[in-house]
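Chemist: What follows is a structure written as structure tokens; I'll ask about it next.
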Amino acid sequence: SKAEPFKVMISGAPASGKGTQCEMIVQKFGLVHVSTGDLLRAEVSAATEIGNRAKEYMNSGRLVPDDIVTAMVKTRLSVKDAKEKGWLLDGYPRSSAQAKSLEELKIRPDVCIILEVPDEVLIDRCVGRRLDPVTGRIYHITHFPPENEEIKARLVIRPDDTEEKVKSRLQIYKQNMEATSSTYADILRKIDGNRPKEVVFKEIEALLLRVKKEKEENESSG
Ligand code: AP5
């Protein structure tokens, strides 16, 4: 019989470490990483119609309109790889309309992780964040400096990572987080994200192994 794919959702404030943890989760569990932030940034770089519409919202730290993001997520989750390998949804849903859309599409994760990090730490993380446009890897000028000079020279700063914009992104996150926590109350797992990234990952790994095992046991017995 064909096993149901494993489905994970990860949520948390800007710079709570979603992208960093997703890199490690994907390596361990082989899930398809679907990040609305990454998908949107790719559309912006390629100057597509979606990218051009999304750009001003993203650069000012506001949410992109629901219809654009929902269509993107729906399309990406229905691609064969995501259906077969399972998925890791990062940065969606971010409003009650988005949560409602997923429920209507009957798309529900097996577990929803929320990374919790205090506000003052989030600001430092955003301001020091650097991205490698070649590998997509996430660095931090003091916490995770690049491995060599060649990588260092090509790192870029996100336009929405200024202190002022981070504060407004954080406000928006707080206004909307209720939608996620109420929709997924029964499968919500809060994780303390204010620890070294390997320590945070150990806890996520243990959680996911447990949830995956329970899911497999339920399927074989049911
Ligand atoms: P998105 O890309 O999703 O941004 P975000 O939620 O603000 O999250 P970030 O990417 O800023 O942070 P992260 O949690 O991934 O942290 P990271 O691992 O990089 O969205 C961007 C924009 O797109 C939105 O503002 C919006 O405009 C639009 N958008 C996206 N989804 C949307 C939606 N559903 N609806 C509408 N609009 C949408 O880590 C951050 C830094 O901290 C790094 O430097 C990292 O090295 C460091 N770090 C990570 N972990 C640790 C640790 N444990 N200890 C110390 N430092 C750490």
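Chemist: Scan segment 209-218 and tell me whether some residue there is touching a helix residue (DSSP H, G or I) at 6+ places or on another chain (Cβ under 9 Å), assigned to a helix (DSSP H, G or I) and at pLDDT below 95.
Modeler: Checking segment 209-218: not a single residue is touching a helix residue (DSSP H, G or I) at 6+ places or on another chain (Cβ under 9 Å), assigned to a helix (DSSP H, G or I) and at pLDDT below 95.
Chemist: A further question on this structure: Quick one: would you say Glu56 is in a helix (DSSP H, G or I) and in contact (Cβ under 8 Å) with a residue 12 or more places away in the chain?
Modeler: no
Chemist: Let me ask something additional. Looking at Ile204 and the list (1) surrounded by 12 or more Cβ atoms within 10 Å (Cβ to Cβ); (2) more than 15 Å from Lys28 (Cβ to Cβ); (3) within 19 Å of the chain's Cα centre (by Cα); (4) at pLDDT 95 or above, which single condition is not satisfied?
Modeler: (2)
Chemist: Another question about this same structure. If we scan segment 62-73, do we find a residue that is more than 25 Å from Ile138 (Cα to Cα), near the ligand (Cβ under 7 Å from one of its atoms) and open to solvent by 30 Å² or more (accessible area, probe 1.4 Å)?
Modeler: yes
Chemist: For residues that are of a type in the set (D, E, K, R) and within 12 Å of the ligand (Cβ to nearest atom), tally how many sit in segment 137-147.
Modeler: 1
Chemist: Something else now. So how many residues does segment 163-193 have that are in contact with a strand residue (DSSP E or B) (Cβ under 9 Å, 6 or more places away or on another chain), open to solvent by 70 Å² or more (accessible area, probe 1.4 Å) and within 12 Å of the ligand (Cβ to nearest atom)?
Modeler: 2
Chemist: Kindly provide the set of residues from segment 19-44 that are open to solvent by less than 50 Å² (accessible area, probe 1.4 Å) and of a type in the set (S, T, N, Q), ordered by number.
Modeler: Across segment 19-44, the qualifying residues are Thr20, Gln21, Ser35, Thr36.
Chemist: Quick one: in segment 84-136, which of the residues that are more than 13 Å from the ligand (Cβ to nearest atom) and on the phi > 0 side of the Ramachandran plot is least open to solvent (accessible area, probe 1.4 Å)?
Modeler: Filtering first and then ranking leaves Gly86.
Chemist: Quick one: in segment 6-53, of everything that is more than 17 Å from Phe144 (Cβ to Cβ), among the small types (Gly, Ala, Ser) and in a helix (DSSP H, G or I), which residue is nearest to the ligand (Cβ to nearest atom)?
Modeler: Here the residue is Gly37.
The values are calculated or read from the model by the stated rules, or taken from the named source; none is laboratory data. Fair warning: this is a prediction, and the values are worked out from it, not measured in the lab. Positions of Cβ are generated from backbone atoms using ideal geometry, with glycine treated the same way; all protein chains shown enter the neighbour counts. For accessibility, only protein heavy atoms count, side chains too; no ligands or nucleic acids. Shrake-Rupley method; radii C 1.70, N 1.55, O 1.52, S 1.80 Å.
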